[in-house]
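The values are calculated or read from the model by the stated rules, or taken from the named source; none is laboratory data. All values derive from a computational prediction rather than experimental measurement. Quick reminder, even Gly has a Cβ in these numbers, built from the backbone with ideal geometry, and neighbours come from all protein chains shown. These accessible areas exclude ligands, DNA and RNA; they are computed on the full protein's heavy atoms, side chains included. Shrake-Rupley method; radii C 1.70, N 1.55, O 1.52, S 1.80 Å.
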Number of protein chains: 2
Amino acid sequence: MPRGLNSAVKLVQLLVSGSVRNGGTAVDATAGNGNDTLFLAGLVGPEGLVYAFDIQEKALQATRSALEKAGMSGRVVLVRAGHEEMEKIVRGPVDAVIFNLGYLPGGEHSVTTRPGTTVRALQAALNLLRPGGRVGVVVYTGHPGGREECDAVEKMASSLDGNLYNVIRINFINRSGAAPVVVVIEKAGEPR
Amino acid sequence: MPRGLNSAVKLVQLLVSGSVRNGGTAVDATAGNGNDTLFLAGLVGPEGLVYAFDIQEKALQATRSALEKAGMSGRVVLVRAGHEEMEKIVRGPVDAVIFNLGYLPGGEHSVTTRPGTTVRALQAALNLLRPGGRVGVVVYTGHPGGREECDAVEKMASSLDGNLYNVIRINFINRSGAAPVVVVIEKAGEPR
């Protein structure tokens, strides 16, 4: 179980992990360097399936390499496409979807996720989710366009029907204004 | 492990549980009906110790009864005192402290926690915490004085030095303005 309240990435992993079942299906909407893909692949286990999306070949290569090292390539489908395309590709329902927005760490900073496609991708993720499933999002506010993307994600998430979705937002309230923001959305109605 | 993102109480339990060790010490600052006391007693195990504070005898009776039913009385010290007194009584360092503020469910609504003593009790809890330990707080905003108490807790927590404490605040952003607020504070520097 991931620990430490100083990391937005670990908080999302902790909060999403409760909805991922052994043998289940999950989506890493932003493969990046493969961190969340690896985490989800560990949770679904050898019988499960993870889809990992990225528009950059460099990101998918890094993810593939990390999966091979961990011996988990067999349970992951790498998809070179924008995450707003996920409904065309993923066979749902899925247990969880993780978004780690912004730019690829160590990559080209001008290539970032954008508010319009991000909100469409979030909606696609909610459509794919099983009851009781969760979507976890880390949004960064320090790069150009980051604040706008954060506002768009919060606006979309806070407008969701409270009877259908449980929505929480996490702020790091003793850090500067450029701290990341975490949003987790749970589809209601799981038979537990 | 507690589940469900719709419950502030369960979220605090989930986030605090990562810092509680088998055989460790924890504090329920607001015993109430014993819900968090029972949860913490389960985490520390038979070799651990939980202190449970409440100023109302009715709350301590309910907590005692719940502990007896669960066979966990032997690891819990019930203290009839305000939680701002905890430093005089608790032998630290402690792994975790949980505050569930407001009034006793099913009790007298005029008997509530108050901003001044709550902030002093929070400071006492931080003083008792071991490195890596966590304080979890649920604040309610719907009752008279609740909003002021929430503001006081947030102000205190957001002013903590970011090098010494990791502080997160959780809001239920698709509910009404009277939704509870969760604050979790982690003392930095745990040797993991």
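Things worth noting here:
- Partners for B:K69 among lysines (Cα-Cα distance below 26 Å; same-chain residues under 8 apart left out): B:K10, B:K58
- Sites matching trypsin sites (Lys or Arg not before Pro) across segment B:70-99 that sit in DSSP coil, with at most 13 neighbouring C-beta atoms within 10 Å: B:R91
- The mean sequence distance of close C-alpha pairs (under 8 Å, at least 6 residues apart), as a share of the length of chain B, puts its relative contact order at 20 percent.
- With protein chains left intact and a 1.4 Å probe, residues in chain A average 41 Å² of accessible area per residue.
- Antiparallel DSSP beta bridges within segment A:8-187, percent to nearest 5: 45 percent
- Its residue count N fixes a reference of 2.2 N^0.38 Å for segment B:1-132, and the Cα radius of gyration divided by that reference is 0.96.
- Aspartates and glutamates with Cα under 13 Å of A:K187, excluding same-chain neighbours fewer than 8 positions away: A:D95, A:D161
- Distances between placed amide hydrogens fall under 5 Å for A:V94 paired with A:L129, A:R130, all partners being 5 or more residues away or on another chain.
- Value of [θ]222 nm, deg cm²/dmol, for the protein assembly as shown, DSSP H segments ≥ 4, -39500 (n - 2.57) each, nearest 500: -10000 deg cm²/dmol
- Taken about its Cα centre, the protein assembly as shown carries a charge dipole of roughly 480 debye when the Cβ of each Lys and Arg holds +1 and the Cβ of each Asp and Glu holds -1.
- Two-site FRET efficiency, A:S110 against B:Q123, from Cβ-Cβ distance with R₀ of 45 Å, rounded to 0.05: 0.45
- Calculated FRET value between B:R175 and A:R175, using beta carbons and R₀ = 25 Å, to 0.05: 0.50
- Highest to lowest packing among B:34-43, A:14-23, scored as the average C-beta count within 10 Å: B:34-43, A:14-23
- Near-label residues of segment A:29-56 by backbone N, under 12 Å of a point 7 Å along Cα→Cβ of A:V77: A:49-53
- Computed from phi, the 3J(HN,Hα) profile of segment B:128-142 under the Karplus parametrisation 6.51, -1.76, 1.60 (θ = phi - 60°) reads 7, 5, 7, x, x, x, 9, 10, x, 10, 10, 10, 9, 10, x Hz, with x in place of Gly and Pro.
- Scaling the Cα radius of gyration of segment A:44-192 by the globular reference 2.2 N^0.38 Å produces a ratio of 1.07.
- Measuring nothing but protein heavy atoms, the accessible surface of the protein assembly as shown at 1.4 Å probe radius is 50 percent carbon and sulfur.
- Segment A:136-179: projected area of the alpha-carbon convex hull, averaged over directions, in nm²: 3.3 nm²
- Rounded to the nearest 20, the Cβ-based charge dipole of segment B:8-187 about its Cα centre (Lys and Arg +1, Asp and Glu -1) stands at 240 debye.
- For segment B:4-18, putting each phi into the Karplus relation 6.51 cos²θ - 1.76 cosθ + 1.60 with θ = phi - 60° gives couplings of x, 8, 8, 10, 5, 4, 5, 5, 4, 4, 4, 6, 7, 4, x Hz, in residue order, rounded to whole numbers and with x for Gly and Pro.
- Size of electric dipole in segment B:31-108: Cβ of Lys, Arg +1 and of Asp, Glu -1, about Cα centre, debye, nearest 20: 220 debye
- Bridging of B:K88 to aspartates and glutamates at a Cα separation below 18 Å is possible for B:D28, B:D54, once same-chain residues fewer than 8 apart are set aside.
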